[in-house]
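The values are calculated or read from the model by the stated rules, or taken from the named source; none is laboratory data. These numbers were taken from a predicted model, which means no experiment stands behind them. Here the Cβ positions follow ideal geometry from the backbone for every residue, glycine too, while neighbour counts run over all protein chains shown.
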């Protein structure tokens, strides 16, 4: 059996699956049930400063992008940070940590951007016995209008400043949660690192409007006839998050900074994506909100079986293994030639590959042969773009075959070279570098 | 214990052929009576065989459609409905658009969705079968879309062209006639539709099993189609001779004959006219028109002779009326049956016993009433059907004949129409040998006698009749 234990930013947990700071981690009742189900850790829903708690809307907080059979692709919320009294939350955190000492208990925080505010809350949090704190610099709605959440996360100098205060006034590991609503994720990540962060977690939710009600022509969802942009998450955001995780891992200034991956993790494959791109663990919310806490058992089972089948003893055995395969476009090998290949035995003759290629790409797939319905790749037109593979409803029916060196590319008439060559030296590149002799 | 199946007759006690020889009084009177089953049974038994999809069922099924390029289902549909488009529109919550796609190709899309043998048409070629062993349920999706808009005037879906002031005549208000009438009405013409029966709809109203078009659907669809405007339905009007047709021709720009086939083939065997022997078409028509199925008499043992869909409809409904035993007997093998595999399965699941390779030889009687049928076993040899020399007899209280229908050729004498194989010769656009006379549906030579083919006939004929009129008008100008 593979060992799923992780130590992330010095925080130990029995598996890499944590519940993200969100409604599922708002109170003892939920967190206790989560730990019973098997979650490795939680990030307690964001606490604000002492005083009257925030209030939430009394209408819909959530919206979703659904398939016709109502599978959830994307999820949107306008909920704020915890609306329960600070002392009640702190008391429950203390109790739960005492009951579940082997689980990671991280507390999410968001207070005004003043040294005094952070200085006030940090000792109270540390006193609960929790394992670490996560700074919520990502919440994109409501709190950001009050100068917190994403309003901080969008200004690297603020990130650095607040992170430094936290390291100064607390002994706890500090995880900085980043907003994706910025132009370059490397800048806030670098700021967190300069401020002394032990780790970053990403992504928080993406600014979003789910749609418009066609009958009322109001945005959706609305409360009292009006709506506000929410934060978008769920399966649809994973590719965006993965890119940001990889960017941080590839950047010289932030490489090696521990990353907790967040965004659209619904199964072990999703977790694998993040970990192989360098994340030390993952955080989950949407999948739990759709299926309940038991879903973690499918995640740990899948990841464990995968690791066994690959011979990985621990998470560290494959963490970051895919990161070196991510590069800039200019370094891609332009001498690697692929052609689509349709397996006629498994082809069901739907013709989607043909019409996609014919209408929108390279006219490289037939629709008939000898007067019969027949779909076949024309190697002399195919550029190996992968569109047909993508639209084919049959798994593995269309594959891309990479030509071996020495083969002739029927499209260009040129023999495939064994030597890689990229844009940096390509004759069409006016900025090309001289090729080494 | 009832006799369960065919009994060899070679050694059995002979049963006298009643039609030719008066028989001795039967030991027991034929057991034919109504209300064999508890009163509450009938409504359930004759209810919708495949109820309308719920919205969520429709959305999930619609999602299975791959929106194929040059879709095989569309090619397989005799009316050429753009199936991927209408299914996509269901998925997009655009039910009016879905229905319009269907109705533009097939104004009787509601009926066809219910009665088409989709397993040998669109669904047979669905590519999902190759991948998942199960086609997209196109027929049920089609029903979902059409049913969804039937509370809205059809004129909002199929608008009419500007009025031409021309009148056309259609004889027969079945699927072909109605499709032709709707097609002509859409082109701006006035149409007189004549039908011999008290109600329009033809076989939709009188010829289909109740559970296929439950809820008085045929009349609902007819009324809805007539809402397009410009169509006048004249019921109780029967075409009887050439002179009558000539008058019709003189009063209209063109005449479309969609007469159907109103005569039933005889078995041509002794005993055929005994009491208790009925033609299945009339049996089905009675069933359709009876508000309370419990009032319909049915035999304890029923033998249905024939292998087509009418035979299946008669056999299954006999069972539903409470017959203990129903035997459906066909003279050839299962592959040659007119009823599709799905229809045969439907019969089997309702407890009908199917027999093949048995040709009726005589209806046996007792006391002037049918008591059984003797069959001669057949085989295929030397390229033709041949009797093997062995015989089998089935006891029956009721015998239903469903071996096909034919045109009453006599009433077309003197019209100049050419007949072949008992049907009117006409091209695919319905043009006959007589200018201004068009023909289609079951009375036209060719095709498989499917409702959907009749609709296509009517649709094409409307265009051809319009084109002929327009060409003439143009030449006159």
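See the values below:
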{"quantity": "Residues (closer than 17 Å to residue B:450 by Cβ and assigned to a helix (DSSP H, G or I)) located in region B:206-220", "calculated": "B:206, B:212, B:218"}
{"quantity": "Subset tally (residues that are surrounded by fewer than 16 Cβ atoms within 10 Å (Cβ to Cβ) and in a loop (DSSP other than H, G, I, E, B)) for region B:231-283", "calculated": "8"}
{"quantity": "Residues located in region B:284-295, provided they are under 26 Å from residue B:238 (Cβ atoms) and surrounded by 19 or more Cβ atoms within 10 Å (Cβ to Cβ)", "calculated": "B:284, B:287, B:288"}
{"quantity": "Residue, nearest to residue A:397 (Cα to Cα), within region A:333-357, restricted to residues that are within 9 Å of chain B (Cβ to nearest Cβ) and under 31 Å from the mean Cα position of the chain (by Cα)", "calculated": "A:353"}
{"quantity": "Among the candidates B:83, B:120, residue that is over 22 Å from residue B:220 (Cα atoms) and away from chain A (no Cβ under 14 Å)", "calculated": "B:120"}
{"quantity": "Residue within region B:138-151 that is within 14 Å of chain A (Cβ to nearest Cβ) and over 21 Å from residue B:339 (Cβ atoms) present", "calculated": "yes"}
{"quantity": "Residue B:181 vs. criteria out of contact with any helix residue (DSSP H, G or I) (no Cβ under 6 Å at 6 or more places or on another chain) and either assigned to a helix (DSSP H, G or I) or closer than 25 Å to residue B:248 by Cβ (or both)", "calculated": "yes"}
{"quantity": "Unique residue being in contact (Cβ under 8 Å) with a residue 12 or more places away in the chain and part of a loop (DSSP other than H, G, I, E, B) when the list is B:414, B:372", "calculated": "B:414"}
{"quantity": "Residue match in region B:51-58 (condition: over 30 Å from residue B:294 (Cα atoms) and away from chain A (no Cβ under 11 Å))", "calculated": "yes"}
{"quantity": "Hits in region A:277-316 - residues which are under 18 Å from residue A:246 (Cα atoms) and surrounded by fewer than 18 Cβ atoms within 10 Å (Cβ to Cβ)", "calculated": "A:316"}
{"quantity": "Search result, residues across region B:91-103 that are at the interface with another protein chain (Cβ under 9 Å from one of its Cβ atoms) and either assigned to a helix (DSSP H, G or I) or touching a strand residue (DSSP E or B) at 6+ places or on another chain (Cβ under 9 Å) (or both)", "calculated": "B:91"}
{"quantity": "Neighbours by Cβ (under 8 Å, 6+ apart or cross-chain): first from region A:180-203, free of Cβ contacts under 8 Å to residues at least 40 places away in the same chain; second outside any helix (DSSP H, G or I)", "calculated": "A:182/A:154; A:195/A:176; A:196/A:174"}
{"quantity": "Residue B:173 vs. criteria surrounded by 22 or more Cβ atoms within 10 Å (Cβ to Cβ) and in the same structural domain as residue B:441 (by TED's automatic domain parsing)", "calculated": "yes"}
{"quantity": "Residue in region A:136-147 that is modelled with pLDDT of 95 or more and either more than 14 Å from chain B (Cβ to nearest Cβ) or in contact with a helix residue (DSSP H, G or I) (Cβ under 8 Å, 6 or more places away or on another chain) (or both) present", "calculated": "yes"}
{"quantity": "Conditions (1) within 12 Å of another protein chain (Cβ to nearest Cβ); (2) touching a helix residue (DSSP H, G or I) at 6+ places or on another chain (Cβ under 6 Å): number failed by residue B:110", "calculated": "(1)"}
